[in-house]
Every structure is written in structure tokens, then in C-alpha cells.
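S.K.: Right, I'll just put the structure down here and ask away after.
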There are 2 protein chains.
Amino acid sequence: MTEKRRRRLPRQVREQQIIDVAVQVFSKRGYHAASVDEIAELAGISKPMVYLYLESKEGLFIACLRREAERLVAAFHGAAAEGELTPELRLRAGLRAFFSFVSEHRDGWVVLHRHAAELSAAIAAESAQARRAVMAEVTALVRTGIEENDGPARLGDEDAEFVAHAIVGAADALTDWMADHPAESPEGMTRRLMNMVWVGMRNVLGGETWTPPPPTPPPDTSPGKG
Amino acid sequence: MTEKRRRRLPRQVREQQIIDVAVQVFSKRGYHAASVDEIAELAGISKPMVYLYLESKEGLFIACLRREAERLVAAFHGAAAEGELTPELRLRAGLRAFFSFVSEHRDGWVVLHRHAAELSAAIAAESAQARRAVMAEVTALVRTGIEENDGPARLGDEDAEFVAHAIVGAADALTDWMADHPAESPEGMTRRLMNMVWVGMRNVLGGETWTPPPPTPPPDTSPGKG
DNA sequence: CAGTAAGTCTACTGTTCGGTAAGAAAGTTG
DNA sequence: CAACTTTCTTACCGAACAGTAGACTTACTG
């Protein structure tokens, strides 16, 4: 209707525009429910452009995934790696960067987090990699932090990975809580989460088991396979 | 191949068979990538049967979701609600039931957990409800537990919900870890997780903030908006 | 303003897949 | 076996949509 004569733009720019829109649409609809037609239309171009630049729908999604993952990992890594800080402070910085990223790039986060399951192997791999990258960093911080605090406790990788999974998973889920509490800042999120994990972590890694309190005897009513 | 003359089965039975297969297929492929044809074939019947009994693809998925959610919530609730146990023990029992459920119904868990994002509003609602049900229970346990241990600390719902989100999110993520460590029992998972959360929880709720250790000053190098 | 390359479009194809119409076989009851 | 119900099938429709062919349009270069 409005005969908007499309300005021609260099490929690099157009490509980013397409990815920008695609992130929004994928975030809103999910991979399969999103149509390339819609993405093209919202991007202000026609479908063949998308295919010319991004090869396929899968290629487009991977491009989205990759860009957002790079941003997230860079944000976390950049924050957590800085200087000679202690592991605590580095983990705190990383978490703060993470929550800030989610605040500011919600669509990107949704694409990374929620829509990577039911996809092709290539996509799933791409998606898993970002999480693994973060997980590896957190694991390292956990291991280092414990060793520094409690001496080389000769921990299995297992233990550090367990804690890292818990922390990353908690952070994941807390993005929902954060969405319901817009007043809470990334800093506040971080402080709260650090309060929870940094103490409890030692408990797991130190080998001190959480002992069920004595008052009532533990339920021994498990009959068959425990 | 084997010209298996299909035995006619009463609707109730057939319906459950279809749902059984559908859970597997949805778990493996995801909602959109799963085809009703495949589900019908694996169930050993033809497609119109699926539509006759389950109305639509969405109806089929919701049936899956509902059944698995009921099982999971029942498992958690049944374990966590038993007797006059303390909140700690009840949370422990709930977590153990949860990890057991995931061990034994991996497909159901995958359907519930990973494939509920990119779906219609009806499906998303159904899926969110299961999580909310568990979240509500955990929140209650957290609140009660703290009050019993530290007196009525006059906590906002906010705080208990934060902790509950962290716990549930950690448990979610730890199912991945558990998948990589088949030797770890649900009991072991539970013990480890309890170690982490039950101590740290108090820290959050008690209002004692985690103070960044003094050795190195906190990074004040944040220039613009933090 | 011709020549050329990059950007862009309209209009189409082929396929996959959700959903259905119409009726056949199997069981049940006289 | 005839009437009837429930289970089940073959064979199809129509829409949505990923992907493409080929032409057109703008902009830069000499």
C-alpha cells in the first residue's frame, strides 16, 4: 500500500536486520511456528533475500543462536575473567552480567533457552555448546573457589559439575522470577543467588553431608527398590 | 510384514497406548516435528483412531502433558506431604520423588520440561500449571522451614519464591547432570542438593547478605548504566 | 549513458502433514 | 445369521510453508 521504495542496503547490514527480526519472531513463536515469510515481511524485504543470505531456515536460526550465544558468553566471560579477583567475585560478576543480558536481550535469551529442544541435530548442538561454555566457566570457578577456601579438597570433577549445574539451573529459572519482579535489578538477583549458592556449595564439596535433623526419624518405609 | 491381525481393544486401553507412544515421540522429536502419522503407526493403529479418541494433535499433546504432570505432581506431593515431618524432611522426600520420577519416566519429563515452549496458548498454560503446582509446594516448604527454624522472620512472599525458583531450577538442570551420571541415585541427588540449598536458603531469607570478601575490592569499573 | 554487479522482487513448485469422509471388519446379542 | 455397536482402515483433501527460477531495479564505474 504505502509504496515504500526499499532502500538498498549492503549485505552485511541487511543480514543483521534479518537476524534481528528473526530473533524476535523465533522468540515469540518458536522455531517451527515461525515462518520465513513473516520474518521477511517484518524485516521489510522479500523471502528470497533471506534464503540468499542465510541459506535456509535452519541456517537462519543457527545464525540467531550463534549471535546471541556469542553475546551471552562474551558477557559472562568478560565479566568473570576480569583481573585478579577471587572466584567469589568473579562468579558474582558473571552472574550479574548474565542477569543483565537477560534483562536487555530477552528475545535472545528466549531463543537460546527455550527454543532449542525440538530442533535438528545441528541446531541442538549449537545450542548446547553455549550452555556448555558457561557451565565450564562456572565449574572452574566453583572448583577454584573451594580449593582456595578450604584447601585442595581433592574433589572429583563430578562434585564441581554438580554445583555448577545447580547454579546455572537456578539462574535459568530465576529469569522467570525476575520477569515477574521488574523492580529487581541484576545486582539484586546476583546478591540473592550468591547468598544461596556460595555457602551451600561448600557443604556439598566439603563432604559434610546435610544430616537430616534428629527430631523425627527419617522415613524408612521404602519397601522395594529405593 | 507380520500380518498381525490387530486385536480390537476397548477405547480406554487404546487411548492409553496412544498416549504412551505419543509421549515417547513428542519427547524424541518435539511437538511440531512429531507427526501424528508416526505416532499412529508406532501405536499400531491408523491415524483416524488418534483423531477419534484425542480430537486433534493439540488435544493429544495436552493429554500427554496432563497425564505426565499429574504423575509428577502426585509423586512430589505424595512424598512431601506425608506425615508430620519437618519441612526439611518433606522437601527431601519431594526432591527424592522428583528425581525418581525423572529416572523412571524420562520421556514424560522431557515432554513436560523441554517441549512446552513453542506451543499454542492452551498447551503452554497446561504446562505452566504443573510447574506452578510444584513451585507452590516448594515455596510453602521454604517459608515454613525458615519460620520454624528462625522464627517468623516476616518474609515477603518474594523471598520464598526466589528460593523456590532457585531450587526448582537447580533440580531441573540437575536432571541433565543425572543423565550423565547413571550411577547416582535419586537419593544421592537429593542429598547433594539439600546440602546446597538448605543452608544457603537461610542466608537469603534471613536477610544476612552475602558480603563480598574484603581481600580485593569489588570491581567499581562500571562506567555507564550498571 | 552503456556496462556491470549487487540488491530485490513476483510468482511459482513440491511436499509435508493435520484433518476427514465413508465404509469394512470384529465382536455382541437376539 | 441378522441386527447393531464399537473398533478400525483406506484413501483422500486442503492449507501452510520451505525453497526456487528468473526477471527487474538501483547504483556505481568509466
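S.K.: Read phi for every residue in region A:31-46 and hand back ³J(HN,Hα) as whole Hz from Karplus 6.51 cos²θ - 1.76 cosθ + 1.60, θ = phi - 60°, with x for Gly and Pro.
M.R.: Running phi through 6.51 cos²θ - 1.76 cosθ + 1.60 with θ = phi - 60° gives 4, 6, 6, 6, 10, 4, 4, 5, 4, 4, 4, 5, 7, x, 9, 9 Hz.
S.K.: For label points placed 7 Å from Cα toward Cβ, what is the shortest-first list of nm distances from B:Ala136 to its copies?
M.R.: 4.3
S.K.: How many nanometers, to one decimal and shortest first, lie between the label point of B:Glu58 and those of its other copies, if labels sit 7 Å from Cα toward Cβ?
M.R.: In ascending order, 2.9 nm.
S.K.: Using amide H atoms built in the peptide plane, which far-off residues or other-chain residues are under 5 Å from B:Ser185 H to H?
M.R.: none
S.K.: Normalised by the residues of region A:1-61, what does the relative contact order come to in percent, with Cα pairs under 8 Å and at least six apart?
M.R.: 34 percent
S.K.: Something else about it: Starting from a label point 7 Å past Cα on the Cβ side, list the distances from A:Arg11 to the same position in the other copies, nm, shortest first.
M.R.: 6.0
S.K.: A further question on this structure: Rounded to the nearest 100 Å², what is the buried accessible area between A and B, both sides summed, probe 1.4 Å? Walk me through the intermediate numbers first.
M.R.: On the way: alone 13630 and 13630 Å², together 22110 Å².
Between A and B, the summed buried area is about 5200 Å².
S.K.: Peptides A:14-22, B:45-53, B:92-100: what's the order by average Cβ count within 10 Å, highest mean first? If you can, show how the numbers build up before the last one.
M.R.: Details: A:14-22: 19.4, B:45-53: 15.9, B:92-100: 23.7.
Per-residue mean Cβ counts within 10 Å order the peptides as B:92-100, A:14-22, B:45-53.
S.K.: For peptide B:170-183, how many partner chain Cβ atoms fall within 10 Å of a residue's Cβ, on average?
M.R.: On the way: counts 15, 5, 6, 12, 7, 2, 6, 9, 2, 0, 3, 3, 0, 1.
For this peptide, the per-residue mean of nearby foreign Cβ atoms is 5.
The values are calculated or read from the model by the stated rules, or taken from the named source; none is laboratory data. All values derive from a computational prediction rather than experimental measurement. Using ideal geometry, Cβ is built from the backbone for each residue, glycine included, and neighbour counts are taken over all protein chains shown. Side chains included, ligands, DNA and RNA excluded: accessible areas come from the protein's heavy atoms. Shrake-Rupley method; radii C 1.70, N 1.55, O 1.52, S 1.80 Å.
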